[in-house]
Amino acid sequence: MEKGKEKMQRIKILLVDDELPFLQASKLYLQKMEKGFQVKTASSGLEALNLITKEPFDVIVADYQMPNMTGLELLRRIKQKDLPFIIFTGKGREEIVIQALNLGADFYLQKGGEPKSQFTELINLIKKAVAEQQTDKSLRKSEREKSVILEALTDHVIYYEAPDMQIIWGNKAAIDSSGRSREEVIGGFCYEIWQQRTEPCVECPVIKAFKTGRSHEKELSSPDGRVWNVKGNPVKNVGGEMIGCIEITREITEQKKMENKLKEEAKFFLDLFKKGDNLMFITSLSENGLPGKFLITNDMTHTTFG
């Protein structure tokens, strides 16, 4: 590809029409006007269905009025395959347009008029339909990846919707920890489900995050004696308006037990240090490496030196 030239977009099109002269003319127009288009034709809905099972297509362009199977019937049969679909027909009745769009057609274009203008518009619709489909696929892929990641986390992740802070979504770890089904959790309130309370917890970090627009964090204990680190994070729309909060909760029961054990051991040894019968002290080091000021002294040292 030469520098500065736009990369050619490759699009595979299935063109369906029972009028063979128009079908062939349409194929020639599309491939001549857009070099990246690869067009295959079918003269009936049944032939189109057969081709779709044998090879992939990026978009389908079909006439409405065809014998045995109309364009709308074809659309109904293949829409589950998630293929962009454009109705390209001489029939311009409003009820057909509405029905086509309700069935999931991406666009509706009426035949007629100057060929170059008509096919230029069709080309634009084809490109737009394919681009939107690719964007949708990318978004769905991204959503699937996010869902897999969130569901795999051992931390509890919950989304609350403003202003009532009802639970809209929770990951597997959060739902499982409740001992209830997902249906029972969604729409409920965290203080009822996890704390068996009738009102929000004091200093709830989620409520504080919603009120202040800033993240808040707090340690909470559940009725079963477990300890949790709870973080509330505000969620805002593009206009900066608060629309909800995300709560991320991690169990820290064992961590707190270890911290308390270390504190108890430290206190025990400090008491031994202070009550010892010998002189014991800790000093700073002076610049010449000799002992400096007393930092910590035991009772005997304090009594001896004052």
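If only residues of region 128-148 that are among the hydrophobic types (A, V, I, L, M, F, W, C) and under 24 Å from Phe85 (Cα atoms) are counted, the one that is modelled with the lowest pLDDT is Leu139.
Only residues that are among the aromatic types (Phe, Trp, Tyr) and under 18 Å from Lys111 (Cβ atoms): list them for region 22-78, please. Passing the criteria: Phe22, Tyr29, Tyr64. Being assigned by TED's automatic domain parsing to the domain that holds Gly112 and more than 10 Å from Leu15 (Cα to Cα) is the requirement here; does Asp82 meet it? Judged against the criteria, Asp82 is a match. Here is the figure for region 114-149: residues that are within 20 Å of the chain's Cα centre (by Cα) and either within 25 Å of Lys172 (Cα to Cα) or of a type in the set (Lys, Arg) (or both) total 13. For region 152-175, does any single residue satisfy the condition of being part of a helix (DSSP H, G or I) and acidic (Asp, Glu)? Taking every residue of region 152-175 in turn, none turns out to be part of a helix (DSSP H, G or I) and acidic (Asp, Glu). Taking region 272-306 as the range and being surrounded by 11 or more Cβ atoms within 10 Å (Cβ to Cβ) and either of a type in the set (Asp, Glu) or under 30 Å from Trp228 (Cα atoms) (or both) as the test, only Asp299 passes.
Counting only residues that are within 15 Å of Ser26 (Cα to Cα), crowded, with 17+ Cβ neighbours inside 10 Å and at pLDDT below 85, region 74-125 holds 1 of them. Meeting the requirement of 2 or more residues that are farther than 16 Å from Ala174 by Cα and out of contact with any Lys or Arg (no Cβ under 7 Å at 6 or more places or on another chain), the strands (runs of 3 or more DSSP E) wholly within region 189-253 are 216-221, 227-236. Comparison of Lys261, Lys256 shows that the only residue that is over 39 Å from the mean Cα position of the chain (by Cα) and within 28 Å of Cys204 (Cα to Cα) is Lys261.
In the set (1) closer than 30 Å to Val16 by Cβ; (2) touching a Leu at 6+ places or on another chain (Cβ under 7 Å), Val157 fails one condition alone, (1). Mind checking whether some residue in region 58-72 is polar (S, T, N, Q) and either farther than 28 Å from Glu95 by Cβ or under 35 Å from the mean Cα position of the chain (by Cα) (or both)? Among the residues of region 58-72, not one is polar (S, T, N, Q) and either farther than 28 Å from Glu95 by Cβ or under 35 Å from the mean Cα position of the chain (by Cα) (or both), which makes the answer no. Residue pairs whose Cβ atoms lie under 7 Å apart, separated by 6 or more positions or on different chains, with the first residue in region 222-244 and under 30 Å from Lys257 (Cβ atoms) and the second assigned to a loop (DSSP other than H, G, I, E, B) and modelled with pLDDT of 90 or more, are Val227/Ile252; Trp228/Ile252; Asn229/Ile252; Lys231/Ser215; Gly232/Ser215; Asn233/Ser215. If the condition is being hydroxyl-bearing (Ser, Thr, Tyr), surrounded by 15 or more Cβ atoms within 10 Å (Cβ to Cβ) and farther than 15 Å from Leu72 by Cβ, then region 43-60 contributes only Ser43. When Glu145 is tested against (1) free of Cβ contacts under 8 Å to residues at least 24 places away in the same chain; (2) more than 24 Å from Asp58 (Cα to Cα); (3) of a type outside the set (Ser, Thr, Tyr); (4) not in a loop (DSSP other than H, G, I, E, B), only condition (2) is not met.
The values are calculated or read from the model by the stated rules, or taken from the named source; none is laboratory data. For clarity, every value in this text was computed on a predicted model and none was experimentally measured. Backbone-built Cβ (ideal geometry, glycine too); neighbour counts: all protein chains shown.
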